[in-house]
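The values are calculated or read from the model by the stated rules, or taken from the named source; none is laboratory data. Source: prediction; values computed, not measured. A quick note on method: Cβ atoms are made from the backbone with ideal geometry, for glycine too, and the neighbour counts reach across all protein chains shown. The accessibility values were calculated without ligands, DNA or RNA, using every heavy atom of the protein model including side chains. Shrake-Rupley method; radii C 1.70, N 1.55, O 1.52, S 1.80 Å.
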Amino acid sequence: FTSGTNSIAQWASVTALNSDLKPTYEMVEVYKIRRDLMVKLLSGIAGLEVDTPKGAFYIFPRVSSFYGKTIRGYLIKDSLDFCNYLLEEALVSTVPGIAFGMDDHIRISYASSEEELKEAASRITKALS
């Protein structure tokens with residue numbers, strides 16, 4: 001035996017196990033509301049295929065219907081192009097699905113306020129219309 005969990009992580013684990021879970025349950029509900037909001041808003045965008053995620057705080061829509069198309073002079077060939085387009089045109093940061101082995105998708109986080117999520121969805125809608 002040459003190594004083990006450091007003492008700080010051990011004490012943090014003890015605290016987590018002995019703490020009240022109410023704040024955790026409250027955040028789970030907040031994230032469900034944010035998830036449902038983003039699923040609703042993004043599902044209204046033609047060309048995006050959106051499934052409701054079961055965990056974490058990311059939506060992973062299929063965007064490949066845009067591949068091979070030119071939007072406002074920008075040719076979309078893959079998830080990297082799609083994410084770059086959204087960053088440049090909509091000022092919304094997303095992650096290319098190729099990073100997860102699924103180039104026909106992108107990852108969008110909904111770990112933000114409802115107001116910011118509505119603004120991001122509005123910008124994405126405008127950029128893709």
Looking at (1) over 26 Å from Val28 (Cβ atoms); (2) in a strand (DSSP E or B), which one does Ile106 not meet, given that it meets all the others? (1)
Given the condition on the phi > 0 side of the Ramachandran plot and either surrounded by 14 or more Cβ atoms within 10 Å (Cβ to Cβ) or part of a loop (DSSP other than H, G, I, E, B) (or both), answer yes or no: does some residue in the stretch 70-77 qualify? yes
Might you check whether a residue that is assigned to a helix (DSSP H, G or I), under 30 Å from Glu29 (Cβ atoms), open to solvent by less than 20 Å² (accessible area, probe 1.4 Å) and not acidic (Asp, Glu) occurs anywhere in the stretch 78-87? yes
Identify all residues within the stretch 109-129 that are assigned to a loop (DSSP other than H, G, I, E, B) and not aliphatic (A, V, I, L, M); write none if there are none. Tyr110, Ser112, Ser113, Ser129
Condition first: surrounded by 10 or more Cβ atoms within 10 Å (Cβ to Cβ) and closer than 20 Å to Ser112 by Cβ. Now tell me which residues in the stretch 1-24 satisfy that. Thr24
